[in-house]
Amino acid sequence: QVQLVESGGGLVQAGGSLRLSCVASERTFPSNTMGWFRRAPGKEREFVAAITWNDGKTYYADAVKGRFTISRDNAKNTGNLQMNTLKPEDTAVYYCAAGHIWTMYQSPAQYTYWGQGTQVTVSS
């Protein structure tokens, strides 16, 4: 069982930056793809970014490409999401997820483990 705890959310002005972190409780984290998803008020949960467990490839939603960077440190069981040039439409609860998967990284159904979420609010 992998437990995930996110941190780093908060309130920031448009154009600012935040860095989200996700700490996993188990040493099995290195064998899990890590993903970030978000849910804005009144909207469905959507994919943000993912980094694979086996070769470290990264995937991004078009809405965040070029602004967000996903990374991981397997030695520390930690994943990060660096968010730059934030926009008001980035306001959402951000969730860290992990799963031993090889494909369909954008699909939340592929992920087994989820964090509790951290609020990101971007003011205009």
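The values are calculated or read from the model by the stated rules, or taken from the named source; none is laboratory data. This structure is a prediction, so every number in the text was calculated from the model and none was measured. Cβ coordinates were reconstructed from backbone atoms using ideal geometry, including for glycine residues, and neighbour counts include every protein chain displayed. Accessible surface areas use protein heavy atoms only, side chains included; no ligands, DNA or RNA. Shrake-Rupley method; radii C 1.70, N 1.55, O 1.52, S 1.80 Å.
As a test of reading the structure, rank E26, E6, E44 by solvent-accessible area (1.4 Å probe, protein chains only), most first.
Values: E26 75, E6 10, E44 150 Å².
Per-residue accessible area, sorted high to low, gives E44, E26, E6.
Dipole check for region 51-124: with +1 at the C-beta of Lys and Arg, -1 at the C-beta of Asp and Glu, and the Cα centre as origin, the magnitude is about 100 Debye.
Express in nm, to one decimal, how much length is gained between T112 and R45 on full extension, taking 0.36 nm for each residue of separation and deducting their alpha carbon distance. Extra length from T112 to R45 when fully extended: 22.6 nm. When W102, W114, W36 are compared by accessible area of protein heavy atoms, the largest-first order is W102, W114, W36, using a 1.4 Å probe.
When the trypsin sites (Lys or Arg not before Pro) in region 38-122 are filtered for DSSP coil states and for at most 16 other beta-carbon atoms within 10 Å of their beta-carbon, the remaining sites are K43, R45, K57, K65, R67. Once the C-beta distance of S17 and N54 is scaled by a Förster radius of 41 Å, the resulting FRET efficiency is 0.90 to the nearest 0.05.
Calculate what fraction, in whole %, of the accessible area of the chain sits on carbon and sulfur atoms when a 1.4 Å probe is rolled over the protein chains. Intermediate values should be presented prior to the final figure.
Working: 3040 of 6310 Å².
Carbon and sulfur together cover 48 percent of it.
For S124 and T69, FRET efficiency with R0 = 41 Å and r from the beta-carbon atoms, rounded to 0.05? Could you put the intermediate results ahead of the total?
Details: r = 23 Å, r/R0 = 0.57.
Working from the Cβ atoms, E equals 0.95.
Of all aspartates and glutamates in the structure, those lying under 15 Å Cα to Cα from K87, and not within fewer than 8 positions of it along the same chain, are D62. Using C-alpha pairs below 8 Å separated by at least 6 residues, the relative contact order for the chain is 36 percent. Projected onto its three principal axes, the C-alpha set of the chain covers 40, 25, 25 Å, listed from the longest axis down. Counting only lysines at least 8 places from K76 when in the same chain, those with an alpha carbon closer than 19 Å to its own are K57.
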